[in-house]
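No value in this document is a laboratory result; all are computed from the given coordinates. Note that the structure is predicted; figures quoted are calculated from it, not measured.
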Amino acid sequence: MSIDTLIAEIDAEIARFQQARTLLAGSQGRTTTAPAKKPTKRKLSAASRERIAAAQRKRWAATKEAVKAAAAKPEKKAAAPAKKRGMSAESKKRIAAAQKKRRATIKAAKETAKMVPAFF
């Protein structure tokens, strides 16, 4: 097959599809698709716009009042930091003794490990 015959067959196929399309579109009562409708803008009346603007001004006034009220309040002096809870001297001694005992046990274990010869 040569390129010319292929092109001729494709053109014939396209023509057949276009003919079928027009027949099908004609049965629905239209020949082409309808153009997409552009969405319409919603319009507000002047009274509605004024009502919305007044409500927004009222909201802004309320927030401004809140800011002014917060700024007008005298700042409280910082309270003294809470006193930290301490540990009694007896508790400190008990903890120190336990720690010394632990360290002594570890040290003794290391020294006995050094004395034992390793035979391989």
222 nm mean residue ellipticity, helices alone, for the chain (DSSP H n ≥ 4; -39,500 (n - 2.57); rounded to 500) = -23500 deg cm²/dmol
Quick one: angle between helix 89-115 and the longest Cα principal axis of the chain, in degrees between 0 and 90, rounded to 10, please.
-> 90 degrees
